Amino acid sequence: MKPKNDPIDIYLKDLSEQFEIGPKDHKDFITAFQQEMARGLKKEQSSLKMISSFVKRPTGREKGRYLALDLGGTNFRVMAVELSGSRSFKVLSTSKYVIPKELMTGDGKLLFDFIASQLGSFLDEKRLSRAQAYGLGFTFSFPVAQTGVNSGRLIHWTKGFKAKGVEGNDVVAMLKDALQDQKIDCISVDALANDTVGTLMTKSYELTECYMGVILGTGTNACYPEEKSREGVIINTEWGNFNKFRSTIFDERLDQASHNKGEQLFEKAVSGMYLGEIFRLILADMAEKGLVQEAVNGGAYSMSGEDLSQIASREGLPLFKKIAGIVSSRSAKLAASAVASVLLWEDKNKKKERIVAIDGSLYEKYPGYRETMCSFLKDINVRFELAKDGSGIGAAIIAAVARGANDKGAKI
Ligand code: GLC
């Protein structure tokens, strides 16, 4: 039998308290978040960028075949998508490419050259003739100051990307230049979108009533239509950078060791890229205090969100499970608080049923995650709809909207 004052139990109790998001934290979170939304919309100093996108919602009648390029994590994806013209679509083919680490952190031009060359290989592999013209939607899941439906400057990298010479530049122009250098002139980049917007567009193509787009994966973010500014313009909140919530010593340690210190604090507490690292930092602390024998083997980021998810779903490892539970349940509650903040921004009385298009491995795969989120949102009329791979498909839909492709012929 364990002694009553078992030091591990005491440590875990204290840890749970540090990571707990109680009703008061939830309320304070919403107040602070909405203040930051208001400031961001007014272009005042705010941790929420509140970026306008130049996207119109689809009618559901857009038709034709499009290419989609989805870049936002360690992989990028190319897809050929067929829109039926009647609220359904088919992914005709898809290829996933790993971005070599040195390209994520090296010269930005090389990153875009790599993407362009993989696009070329995609055309060849899928036997898509270069004699035809293809419309392409580009999902670029970083904070971008959009200047048009197919143009926008990268404000700064997030999620571990550091490639030089991209921040401040138009990412569509960089992609077009790279395509031109490789003599791929059959692709026209017709749309640029954030993954949250892509996710919202994908569900909006299928359902008329979709309200918000949320990503809970490697990174986290959301978009929604802002009724108070120009008619329903879709705002990319870039909520990953929100910083007015109660953090812990582990969040501070993680942030201090990161190369974007002080930025993306909400993302660093919530998203899949960081949960494993928070877990590792907790174990390292326990090892230092002599409570466990060994910390996690390997250095920073040697534990992934997926590793945590494995621990949560496997039998055994009660200590690891408990810590993983503390970290992931805070993530789910914080994510729920952010969703609540956006939903209550427009509908304070919580009356309207809101459909939220959502994608990302945390929501989709992490054991118990969505249940925790939903239990935290039980007094709000919200329905989550998983938009699997919505980010990329949505870019194809935006490209179709941009081309005004209602009832028009195939583009592939
Ligand atoms: C990061 C990016 C944001 C993106 C999110 C989810 O927060 O800054 O643009 O939407 O990750 O991929």
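The values are calculated or read from the model by the stated rules, or taken from the named source; none is laboratory data. Note that the structure is a prediction, hence the values are computed from the model and not measured. So basically every Cβ, Gly included, is an ideal-geometry build from the backbone, and we count neighbours across all protein chains shown.
Among the residues of the range 288-307, those identified as assigned to a helix (DSSP H, G or I) and either over 23 Å from the mean Cα position of the chain (by Cα) or surrounded by fewer than 22 Cβ atoms within 10 Å (Cβ to Cβ) (or both) are Glu288, Glu306, Asp307.
Go through the residues of the range 289-296 one by one and say whether even a single one is at pLDDT below 95 and within 29 Å of Ala222 (Cα to Cα). There is no residue in the range 289-296 that is at pLDDT below 95 and within 29 Å of Ala222 (Cα to Cα).
Within the range 310-342, how many residues are within 21 Å of Ile215 (Cβ to Cβ) and modelled with pLDDT of 95 or more? Number satisfying all stated conditions: 16. It is to be established whether one or more residues within the range 275-287 are surrounded by fewer than 16 Cβ atoms within 10 Å (Cβ to Cβ) and without any contact (Cβ under 8 Å) to a residue 60 or more places away in the chain. So far as the range 275-287 goes, yes, one or more of its residues are surrounded by fewer than 16 Cβ atoms within 10 Å (Cβ to Cβ) and without any contact (Cβ under 8 Å) to a residue 60 or more places away in the chain. If I filter the range 57-67 for residues that are touching an Asp or Glu at 6+ places or on another chain (Cβ under 7 Å) and assigned to a strand (DSSP E or B), do I get at least one hit? Within the range 57-67, one or more residues are touching an Asp or Glu at 6+ places or on another chain (Cβ under 7 Å) and assigned to a strand (DSSP E or B).
The residue of the range 253-287 that is nearest to the ligand (Cβ to nearest atom), among those that are β-branched (Val, Ile, Thr) and more than 17 Å from the chain's Cα centre (by Cα), is Ile278. The condition (being modelled with pLDDT of 95 or more, more than 24 Å from Tyr274 (Cα to Cα) and surrounded by fewer than 15 Cβ atoms within 10 Å (Cβ to Cβ)) is satisfied by just one residue among Ser121, Ser117: Ser121. Against the condition out of contact with any Asp or Glu (no Cβ under 6 Å at 6 or more places or on another chain) and of a type outside the set (S, T, N, Q), how does Leu48 come out, does it pass? In short, no.
For the range 68-91, filtered to residues that are in a loop (DSSP other than H, G, I, E, B) and under 20 Å from the mean Cα position of the chain (by Cα), the residue that is farthest from Lys388 (Cα to Cα) is Thr74. Number of residues in the range 215-236 that are near the ligand (Cβ under 9 Å from one of its atoms) and within 19 Å of Val55 (Cα to Cα) equals 5.
For the range 126-141, residues that are in contact with a strand residue (DSSP E or B) (Cβ under 6 Å, 6 or more places away or on another chain) and either within 16 Å of the ligand (Cβ to nearest atom) or free of Cβ contacts under 8 Å to residues at least 24 places away in the same chain (or both) total 4. If only residues of the range 143-167 that are more than 12 Å from the ligand (Cβ to nearest atom) and under 24 Å from Ala402 (Cα atoms) are counted, the one that is nearest to the chain's Cα centre (by Cα) is Arg153.
Looking across the range 308-326, the residues that are outside any helix (DSSP H, G or I) and either more than 24 Å from Ser271 (Cβ to Cβ) or of a type in the set (Ser, Thr, Tyr) (or both) come down to Glu315, Gly316. Taken over the range 219-232, the criterion of being at pLDDT below 95 and under 18 Å from the mean Cα position of the chain (by Cα) is satisfied by Pro225 alone. A single entry from Val233, Val197 fulfils the requirement of being surrounded by 23 or more Cβ atoms within 10 Å (Cβ to Cβ), touching a residue at least 12 places away in the same chain (Cβ under 8 Å) and on the phi < 0 side of the Ramachandran plot: Val197. Within the span defined as the range 327-350, every residue fails to be among the small types (Gly, Ala, Ser) and not in a helix (DSSP H, G or I).
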